[in-house]
Amino acid sequence: MLWSLQRLGQCAQVVEADSCIVDAQSKAAALLYYRYPKLYPELSRYATMMHGIRHLNLKLSTWDAMHFFKVSVGGFDQLRETGHTTYDIFNRLPNLKRVKILLPDDQRDRRYQFTVKLFHPVSRCHRTLHRYIYEAIAQMQAVSDFKVEVKRFMDSNERIRFEEMQSKAELSRKTTSQDLADLYADSTGGVRLDSPGGSLASGNSDPLEHGVTREAVQSVDELFPPLCKCTPSCSEIMSSRDRIRRYDDE
């Protein structure tokens, strides 16, 4: 995905007379907008095709999805390689309105995955891995201004669980935005802030809140690979024809 975005980032829109890079000053301005378009909207004349993206459909492997959405259970985020693409790339898409995410359905670890294994050799638990991913998606949504749609849950219970977390994330984002508006509107020095611990976006919040499982505070070696204890098993659900048909409907 990063390669595709970078390729689009090489194609300028050239919608205004002064959109072309002609000297060192315009080159620096174009680079500034390329990296931080939301901070410098006045430089939008240097926009590329990448900056015009409004809708994205994402289907990643389990490993890539957990790193892309910054899954941190058990310190998993410490395994992320330097330079690995994360959802921070969305900050370079000022016109992004909607992201549709298909939860992964791969069933094997990669050959060059030497750190931890995600899939248990006896019984793989896709439900647990999906939960880690969509919990991180909900946390991302608390600080995002675009619509997020997630598909291909294991069952309706998982979808309902995510939608509840999604509602809390949206409420958290609206509350934070209003607090900031009140802060800057008050010319006497701001507003009094409540004690931390109530927002999905807060780094000081309790990791066991907001639907995050207690396993989130365990180590990577204790959490992975998760053993399936679901009824019916995750393997049965993943291979069922009903699930495949539901994929086609989506």
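Among the residues of region 79-97, those that are in a helix (DSSP H, G or I) and either touching a residue at least 12 places away in the same chain (Cβ under 8 Å) or in contact with a Leu (Cβ under 7 Å, 6 or more places away or on another chain) (or both) comprise LEU79, TYR87, ILE89, PHE90, ASN91, ARG92. Every condition in (1) of a type outside the set (S, T, N, Q); (2) assigned to a helix (DSSP H, G or I); (3) surrounded by 15 or more Cβ atoms within 10 Å (Cβ to Cβ); (4) out of contact with any strand residue (DSSP E or B) (no Cβ under 9 Å at 6 or more places or on another chain) holds for ILE133 except the one numbered (4). Is it the case that region 18-39 has a residue that's among the β-branched types (Val, Ile, Thr), in contact (Cβ under 8 Å) with a residue 24 or more places away in the chain, assigned to a strand (DSSP E or B) and surrounded by 13 or more Cβ atoms within 10 Å (Cβ to Cβ)? Taking every residue of region 18-39 in turn, none turns out to be among the β-branched types (Val, Ile, Thr), in contact (Cβ under 8 Å) with a residue 24 or more places away in the chain, assigned to a strand (DSSP E or B) and surrounded by 13 or more Cβ atoms within 10 Å (Cβ to Cβ). Apart from one condition, LEU5 fits all of (1) in a helix (DSSP H, G or I); (2) free of Cβ contacts under 8 Å to residues at least 24 places away in the same chain; (3) within 27 Å of GLN139 (Cβ to Cβ); (4) outside the structural domain of PRO226 (by TED's automatic domain parsing); the exception is (2). Looking only at residues of region 93-114 that are exposed (fewer than 15 other Cβ atoms within 10 Å of the Cβ) and of a type in the set (Lys, Arg), we find that the one that is farthest from VAL220 (Cα to Cα) is LYS97.
Checking each residue in region 40-92 for being exposed (fewer than 14 other Cβ atoms within 10 Å of the Cβ) and of a type in the set (Asp, Glu) picks out GLU42, GLU81, ASP88. What residue, among those in region 115-130 that are buried (at least 18 other Cβ atoms within 10 Å of the Cβ) and of a type outside the set (A, V, I, L, M, F, W, C), is nearest to VAL220 (Cα to Cα)? For region 115-130, the residue satisfying everything is THR128. Residue under question is ARG45, and the condition is that it be of a type outside the set (Val, Ile, Thr) and touching a Ser or Thr at 6+ places or on another chain (Cβ under 8 Å); does it hold? Yes: the conditions hold for ARG45.
The values are calculated or read from the model by the stated rules, or taken from the named source; none is laboratory data. Treat the numbers as computed from the prediction; the structure is a model and nothing was measured. Virtual Cβ from ideal backbone geometry, glycine too; neighbours counted across all protein chains shown.
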